[in-house]
Every structure is written in C-alpha cells, then in structure tokens.
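Undergrad: Take this structure, written in structure tokens, and hold onto it; I'll ask about it next.
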Amino acid sequence: MLLLRLVGILALISIGVSLALYVVTRDRRYLRLAWRIFLVMLAFVLLLMAFYAAERLLLVV
C-alpha cells in the first residue's frame, strides 16, 4: 500500500510541475505530458480496482 501511495503522490507532483511549466513557458507539450500522466494513472487505478473486485469475487466462491 505504501508503494501505491508513493506512486500516486509522485504522479500528482508530476502533473503539478507539468502544469506549472505550461503556465510559465506556454509550451503545449507540458499539457500533453500532464494529460498522459493523468490517463496512465487513471488506467492504473481502474486496473487495480478490477483486481480488487476479482479478488472479492473469488473469495466468495
């Protein structure tokens, strides 16, 4: 669990830094980077939720 929290915090920091760099430089690649980090983390969370749901279903059976 500690590793998951660390990855989440690092992702939030990365998104924040990317958005701050966009505000400072007005270079759109930082927005794209922040969006990609967000999408990867969203996919990761959905995959993790699916594994938890599968684990619960297997414990019932």
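Readers should treat all values here as calculations from the given coordinates under stated rules, not as data from a laboratory. What you see is a predicted model; the values in this text were computed from it and never measured. All Cβ positions, even for glycine, are placed from backbone atoms using ideal geometry, and neighbour counts span all protein chains on display.
Undergrad: Can you give the charge dipole size of the chain about its Cα centre, rounded to the nearest 20 debye, using +1 on the beta carbon of Lys and Arg and -1 on the beta carbon of Asp and Glu?
TA: 260
Undergrad: Can you tell me the orientation of helix 28-60 relative to the chain, as the angle in degrees between its alpha-carbon axis and the longest Cα principal axis, to the nearest 10?
TA: Taking the Cα atoms of the chain, the angle to 28-60 is about 10 degrees.
Undergrad: Lys/Arg Cβ at +1, Asp/Glu Cβ at -1, dipole of region 2-60 taken about the Cα centre: which of LEU3, ALA53, LEU31 is farthest positive-ward?
TA: With unit charges placed on the Cβ atoms, the residue in question is LEU31.
Undergrad: Could I ask something else about it? If you stretched the chain out fully between THR25 and LEU12, how much longer would it get, using 0.36 nm times the residue separation minus the C-alpha to C-alpha distance?
TA: Gain on extension, THR25 to LEU12, equals 2.7 nm.
Undergrad: Considering only DSSP states other than H, G, I, E and B, which trypsin sites (Lys or Arg not before Pro) in region 1-37 qualify as loop sites with at most 12 other Cβ atoms within 10 Å?
TA: ARG26
Undergrad: With a cut-off of 15 Å, note down the residues of region 17-61 whose backbone N falls inside the zone around a label point 7 Å from the Cα of LEU4 toward its beta carbon.
TA: Within reach of a label on LEU4, which here means backbone N under 15 Å from a point 7 Å along Cα→Cβ, region 17-61 contributes 41-57.
Undergrad: If you don't mind, there's one more thing I want to ask. Where is the GNM fluctuation largest for the chain (alpha-carbon springs, 10 angstrom cutoff): ALA34, ALA11, ALA43?
TA: Looking only at ALA34, ALA11, ALA43, the biggest GNM fluctuation is shown by ALA43.
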